[in-house]
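Written out below as structure tokens is the structure these notes cover.
Here, each number is a calculation from the coordinates, and none is a lab measurement. From a predicted model like this one, the values you see are computed outputs, not experimental measurements. No Cβ is skipped: glycine too gets one built from the backbone with ideal geometry, and neighbour counts run over all protein chains shown.
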Amino acid sequence: MDQPVLTPELAGEIADETTRILGHNVLITDDNATVIGSGDVSRVGSIHEASVAVLRSGQAASHDTAEAAALTGVLPGITMPIVLDGAVIGTVGITGAPARVVRLGRLVQRQTEILLRESLFQRTRLLRENRLAQLARDVLLFDPNLVDERIIRASGAELGYDLTQPRVALVFEVQPGPQRYPSSVRLIGEVFGARADIVAELSAGRYLVLHQVSPDDAEHVGERARRAAELLRDRHGIVAHVGIGEACTGVAALAGSCADATAALQLGSDGGGTGIVIREIANLRVRQLLSSASGRARTRFTSSQLARLSGENDFGALCDTLVAWCESGFNLVATAQRLSIHRNTVIYRLEKIARLTTRDVREPGVAVALYLACLVDDG
């Protein structure tokens, strides 16, 4: 990594804490034998001459009072190498009679190496998460006129992902519940956690999943999305709304799937409800097409179709009936079942619509026009 693992900040924190606990001064040097952390802050920045030989040999060294006096910046005690991945990156020293502090020195050495490994792991994980987030944004914002698709594919390959395989985009939008949970990436990754899947945070509360699909898995993406949303809710009280694009191949098509997933999320809004919402763009294509028209065009269209119905007290029920009528294949029984009302109520409403509009709603062309107008009005 470009930045050193053993930083003055981390060294100072370790030295301060261990000095306080053990009652013996602890100092830490870098690979140049310069003190970068010490319970005695006056020693920070000085050269610890005993560390020079320890850095060179990789072996611990002890110094009694006479030996320490012959060296610069050294007190009686023991100095031990800090080894990370086979390389000596610094030293840790503990002050006191060598026979008394040798065991403490080994403990401090081991604990320091453990903390450094943890720090390296955290930094490496953060770096990978940042690179994944950048890859996700590169796909989301991909423009073939500005970027060569091969560059994006190469970035994915460096992180271990094959962007030439079929994938589907899912956008998660989460709203914090009673418990604060800083990141949902790892939890979503428990469901979309295969090595082939990309899970990244786009912004606060919004996450993108680029799920690699197989022929057997394509029909179950919605089920996976629901499982992930349920995990967020059950473990942390977080409500998730999910938009799902369509499976595709290639970076350009995947960018389109991301746009579709975002559109599904917006088109599927339930008006601020608190329940899990899963919306697939495949079921919202008509709404998506209608939303692409200008506001003025939508207003003129709805006015031309619904003006004679909009003043009725049961306008909402009439629109619901029109939507159910069309989406149930113009079948009275299916429409009644969908609306949980009696078949005669459906007949009454359809006849009322026909009377007010002076149009036969049993005629598919008429019904579809009214249906589309109701969708626009609802959006």
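Computed about its Cα centre, the charge dipole of the chain is approximately 1020 debye, with only Lys, Arg, Asp and Glu carrying charge at their Cβ. Which of 276, 266, 304 sits farthest toward the positive end of the charge dipole of the stretch 197-320, with +1 on the Cβ of Lys and Arg and -1 on the Cβ of Asp and Glu? Of the listed residues, the answer is 304.
Pull out the extension gain between residue 83 and residue 304, defined as 0.36 nm times the separation in residues minus the alpha carbon to alpha carbon distance; nm, one decimal. Before the final figure, lay out the partial values.
Working: separation 221, 0.36 × 221 = 79.56 nm, distance 7.80 nm.
This chain segment gains 71.8 nm when fully extended.
Residues whose amide H falls under 5 Å from that of residue 239, counting only those 5 or more places apart or on a different chain, are 175, 177, with hydrogens built in the peptide plane. Classify the stretch 196-237 from the C-alpha gyration tensor, please: rounded if a/c falls under 1.5, else prolate or oblate depending on whether a/b exceeds b/c. Oblate is the answer for the stretch 196-237, as a/c is 1.5 or above yet b/c matches or exceeds a/b. The peptide list 252-260, 54-62, 360-368, 75-83, put in order of mean Cβ contacts within 10 Å with the highest first, becomes 75-83, 252-260, 54-62, 360-368.
For the stretch 160-171, putting each phi into the Karplus relation 6.51 cos²θ - 1.76 cosθ + 1.60 with θ = phi - 60° gives couplings of x, 10, 9, 7, 8, 7, x, 9, 10, 8, 10, 10 Hz, in residue order, rounded to whole numbers and with x for Gly and Pro.
Once the Cα atoms are used to define both axes, helix 251-267 deviates from the longest principal axis of the chain by about 60 degrees. Working note: Karplus 6.51/-1.76/1.60 with θ = phi - 60° gives the stretch 150-157 the couplings 5, 5, 5, 4, 5, 4, x, 4 Hz, where Gly and Pro are set to x.
When the chain is treated as a Gaussian network with alpha carbon springs shorter than 10 Å, the biggest mean-square fluctuation among 227, 131, 355 belongs to 355. Shown in residue order for the stretch 225-233 are the 3J(HN,Hα) couplings computed by the Karplus curve 6.51 cos²θ - 1.76 cosθ + 1.60 at θ = phi - 60°: 4, 5, 4, 5, 5, 5, 4, 4, 5 Hz (x for Gly and Pro). Between residue 220 and residue 21, what FRET efficiency follows from the Cβ-Cβ distance if R0 is 56 Å, with the result rounded to 0.05? With a Förster radius of 56 Å, E is 0.60.
Helix 295-306 and the long axis of the chain differ in direction by around 40°, with both axes built from C-alpha atoms.
Comparing Cα centroids, the stretch 121-179 and the stretch 48-111 end up 45 angstrom apart. Taking the longest Cα principal axis of the chain as reference, the axis of helix 98-140 is set at about 30 degrees. Net charge of the neighbourhood of residue 248, taken over other residues with C-beta under 10 Å away and scored Lys/Arg +1, Asp/Glu -1, is -1.
Centroid-to-centroid, using Cα positions, the stretch 325-376 and the stretch 184-202 are 43 Å apart. For the chain, a Gaussian network of Cα nodes joined below 10 Å ranks 263, 228, 324 by mean-square fluctuation, and the top entry is 324. Suppose each label sits 7 Å from its Cα in the direction of the beta carbon; what would the residue 332-residue 150 distance come out to in nanometres? Between residue 332 and residue 150, the simple spin-label model gives 6.5 nm. Going from the residue with the fewest nearby Cβ atoms within 10 Å to the one with the most, 322, 71 rank 71, 322. Checking Cβ-Cβ separations below 4.7 Å across the chain identifies 248, 258, 326 as cysteines lacking any candidate disulfide partner. Taking the fewest neighbouring Cβ atoms within 10 Å as the starting point, the ordered list for 326, 374 is 326, 374. Arranged from fewest to most other beta-carbon atoms within 10 Å of their beta carbon, 330, 172, 121 become 121, 330, 172.
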